[in-house]
Amino acid sequence: MSLPQRLYDAFRTLSRTELVHDKVVSDNSLTEFQNLLNEAQPSNNEEIAQRSLVWGMYHSNPVNFMKYAGDRSSRVSAIVLWTESKRISQLFRLKGLAHVSWTADTGYTVSRFKTNSKPRRPTRGPRRLPQPADEVVLNSEAPEFQLTEYQPSDINPQQQPVDEALLGGVVPADVDVDTDVDNNEKPMGRPPALPQTEKIESWGDAV
């Protein structure tokens, strides 16, 4: 397939424009590029048929097509002008400089590249670690409990039973370990002695 010579000429002219070569974005550079791009489009039935063939090859595998024709040093790079707007912008590296769009009524339109004016969502900060439960506020008027450490000398054997564990295993000498004291009972002492009887000298005396 032999493409028209004017397509190659338009490609070389577009590559030397102020917008592509010098990366200058102005109303004049945008209008110049737009006009040259529209002039490169098919103008008769033969070129329309050729463009349909290019479209078929492009849409069959767009990625490989651009690998083959997307390099401006390639001799067939001009056929990219007959594909679509995003591939034309990719070929001339206009990303961030100009926006290329196409409509059936006006053809290609080239305008300034506009950044997204919509404010970005604020980025999330570092994830907040789980916090401990709120501290319990103690009532300052609540009574304070104190633990009292008893010493062996503080124990009254007449009021409390003797606890060897409490006294560290030491029992005072004047305390009977058999003592069992109750508030209403007398301390238990040793069992009373049996009543003494007269001494029997012999069985005969007893009779």
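Coordinate-derived values only; no laboratory data. Source: prediction; values computed, not measured. Virtual Cβ from ideal backbone geometry, glycine too; neighbours counted across all protein chains shown.
Below, the figures for the structure above:
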{"read-out": "Within-11-Å neighbourhood charge of VAL110 [Cβ basis; K, R +1; D, E -1]", "value": "-1"}
{"read-out": "Tensor-based shape of segment 16-83 (alpha-carbon gyration tensor, a/c under 1.5 rounded, otherwise prolate or oblate)", "value": "oblate"}
